[in-house]
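**Q** Sharing a structure here in structure tokens format.
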Amino acid sequence: MLEINNLRISIAGKTLVEIDHLSATPGERLGLVGESGSGKTLTVLSILGLLPEMMDVEGSITFAGQELLGKSDKELAKIRGRDIAMVFQDPSRSLNPTMKIGRQIGESLRLHTDLSKSDIKQKVIELMHGVQLQDPEKLVTRYPHELSGGQQQRVMIAMAISCKPSLLIADEPTTALDVTVQQEILKLLLRLSNESNMGVIFVSHNLGVVQAVSERIAVMHNGEIVELGPTSQIIDSPTVAYTKALIGANPSIPNEQELSRLLGTRFPTSRGE
Amino acid sequence: MKSPQLLLGIILTGFVLTITFVSFFWTPWDPIGINVEDRLLPPNLSHWFGTDRLGRDLFSQIMVGSQNTLFVALISTIVGAVLGTSLGLAAAGSGPRWGAVITRISDIGIALPSILIALVLATTLGPGRLSVIIAISFWFVPVTARVVVGPARQILALDFVEAAMTHGRSRRYILFRQVLPNIAPIVIVQTSMMFAAGILIEASLSFLGVGAQPPTTSWGKILMDSQPLVQQAPYYTILPGAFIVISVLGFNLIGDGLSVLLDPQQSKKGVV
């Protein structure tokens, strides 16, 4: 469904991202991991044609048979939100602070469908039920700052899936949330993906998050894909040193042995222990 | 009341606006009724503010004069706010090249003093209301554009604008529906400040003889008439001057009060 070939993103002649080949089949959940600055976000932004103007893009990105690169802004606007949608990292900054929740969720529907006002209202409530927001009838008249982080991200997801896109790009969807909420949001995304056979690209620096939800993982480093394969293969038998380092960096609660290895001899505290 | 400035501003402008409103239906004397015998009478019980050099009632003149002053200030503020905001949004939304072009043109507009423009227009279009409105707007539009462009660029850099783009929103929609509501407090404050400036500029231009032409009167024009008689009849200068001060102060206080009230950093309830 999505196919990226010989993609090269550069700025003033300096290459930032170079991807020979990356593809995703319909309904597939693909993880994109790598450290900050490895080019994950640039890659997904190039799919939507939202790279900053000063960056040059070459190569080919095809989605459902059509070439996306070189399309005009108007043509891309029809695809954005309807066929490919995106969820961002920080929901508190991704919602318009001056617009009520209900209206924001209805935005894409208003733009991409011919539904009447009352139908949209109905649909918004359904969507909010779908992302497990409590009391949608009350929430629609609230402003974003009156919601918790988890609720805000649910609103973002409701907005993203409102037009039943075939591909959802989730750029660090849980990074700004606390751990318990992270898990709920990941479960929600998984369920939504399964229910409507929606492909998802999970972008994260956290291998643990990506591992939990993706079928395949692409590891990015310095703007290139250094390893690509089924999740179990990447986790159990990584071939590239960088992937191994990433797996090693995955935080887990260290046991006593590891602690002493990490800290060495303990520093004396004020209590003299 | 959160902001005492706002309250005082509303009281002062309310006073001026009431007087203007009443002047459409009633004035204590005929504002253009000349009575040479009564000229330059100091304030007394029948002529509250005294009479002018032709024996006309000064209070009635001030009442009617406020119509012209406020009308000019209102129209040029509306023109300045609407065109200026649109221009500022356009500058913020277009690429760096066009943005720079619009900003530079605005700079030129700001650099030209409106009094100079009015004098030029008065010689070409002839003196009067229209020249004054054009001259003031010519200054207000770039000033507003300049005030709006910075905050608009800041909003455009926020995530929710990018999010709106991923929903397939057009640039114009984003500028007017996503950015404008978020900079509304700035535009509102700017509008009330412009209104105050408009009153002041109109008065200056009428004082210079470029503004209101007889028989229309305006505060600036009354001041001009009183100028040679300032020693003989100081009230003739002071009273219309006081009205200019009250209304300029009033609108400025409203602007100040609103900027405090609408500042999300200072008000806990958030914007709007």
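**Q** Just subtract the alpha-carbon distance of A:Asp114 and A:Ser23 from 0.36 nm times their residue separation and send over the number in nm, one decimal.
**A** 29.5 nm
**Q** According to the Cα gyration tensor, what semi-axes, each the square root of 5 times an eigenvalue, does the equivalent ellipsoid of chain B have, listed from largest to smallest in whole Å?
**A** For chain B, the semi-axes come out at 42, 22, 13 Å.
**Q** Could you bin all the Cα-Cα distances of the range B:153-272 into 10 Å bins starting at 0 and give me the percent of pairs in each, rounded to whole numbers?
**A** For the range B:153-272, the binned pair fractions read 12, 27, 22, 16, 14, 7, 2, 0 percent.
**Q** Then there's this: If you take every DSSP beta bridge whose two residues both sit in the protein assembly as shown, what share of them, in percent to the nearest 5, is antiparallel?
**A** About 60 percent, rounded to the nearest 5.
**Q** In whole percent, what relative contact order does the range B:149-260 give with Cα contacts below 8 Å and a gap of six or more residues?
**A** Once normalised by length, the contact order is 28 percent.
**Q** A further question on this structure: Just to check, using Stokes-Einstein with a Kirkwood Rh over alpha carbon pairs, what's the diffusion coefficient of the range A:94-164 at 37 °C and 0.692 mPa s in µm²/s?
**A** It comes out at roughly 279 µm²/s.
**Q** What fraction of the Cα pairs in the protein assembly as shown, stated in percent, has a spacing above 31 angstrom?
**A** I get 61 percent for the Cα pairs in the protein assembly as shown exceeding 31 Å.
**Q** So how far apart, in nm, are the two label points at A:Asn194 and A:Lys14 if each is 7 Å from Cα heading toward Cβ?
**A** According to this spin-label approximation, the distance is 4.5 nm.
**Q** Can you tally the net charge around A:Phe202? Count Lys and Arg as +1, Asp and Glu as -1, for every other residue whose Cβ sits under 12 Å from the Cβ of A:Phe202.
**A** After counting each charged neighbour, the total is -1.
**Q** D for the range B:1-80, whole µm²/s, Stokes-Einstein with Kirkwood Rh over alpha-carbon pairs at 20 °C and 1.002 mPa s: what number?
**A** Translational diffusion coefficient: 151 µm²/s.
**Q** Quick one: which of A:Lys117/A:Lys164; A:Lys78/A:Lys123; A:Lys71/A:Lys164 span more than 27 angstrom between C-alpha atoms?
**A** The answer is none of them.
**Q** So if I restrict to the alpha-carbon atoms in the range A:16-168, what is the Rg, and what is Dmax, the biggest pairwise distance, in Å?
**A** Here Rg and the maximum Cα pair distance are 16.8, 49 Å.
**Q** Multiply the residue gap between B:Ile246 and B:Ser94 by 0.36 nm, knock off their C-alpha separation, and tell me the result in nm, one decimal place.
**A** 50.6 nm
**Q** Per residue of the range A:134-144, in order, report the coupling 6.51 cos²θ - 1.76 cosθ + 1.60 (Karplus, θ = phi - 60°) as ³J(HN,Hα) in whole Hz, putting x for Gly and Pro.
**A** Karplus values, whole Hz, x for Gly and Pro: 6, 6, x, 4, 7, 5, 4, 8, 8, 9, x.
**Q** Right, next: Would you work out the relative contact order for chain B, in percent, from Cα pairs under 8 angstrom that are 6 or more residues apart?
**A** RCO, chain B: 27 percent.
**Q** Taking N as the number of residues in chain A, what value does Rg over Cα atoms divided by 2.2 N^0.38 Å take?
**A** 1.11
**Q** In the protein assembly as shown, with Lys and Arg counted as +1 and Asp and Glu as -1 at Cβ, which of these residues, B:Pro96, A:Met198, A:Val44, has the Cα nearest the positive end of the dipole, that is, farthest along it?
**A** The residue sitting most towards the positive pole is B:Pro96.
**Q** Sticking with this one: For chain B, modelled as a Gaussian network with Cα springs under 10 Å, which listed residue fluctuates most, B:Trp219, B:Trp139, B:Trp48?
**A** Sorting by GNM fluctuation, first place goes to B:Trp48.
**Q** Would you calculate the separation in nanometres between label points at A:Leu69 and A:Thr141, each defined as 7 Å from the Cα along the Cα-to-beta-carbon direction?
**A** For A:Leu69 paired with A:Thr141, the spin-label model returns 5.1 nm.
Where a number appears in this text, it was derived from the coordinates with a stated rule and is not lab data. Since we're looking at a predicted model, the values are computed, not measured. We place every Cβ from the backbone using ideal geometry, glycine too, and count neighbours over all the protein chains shown.
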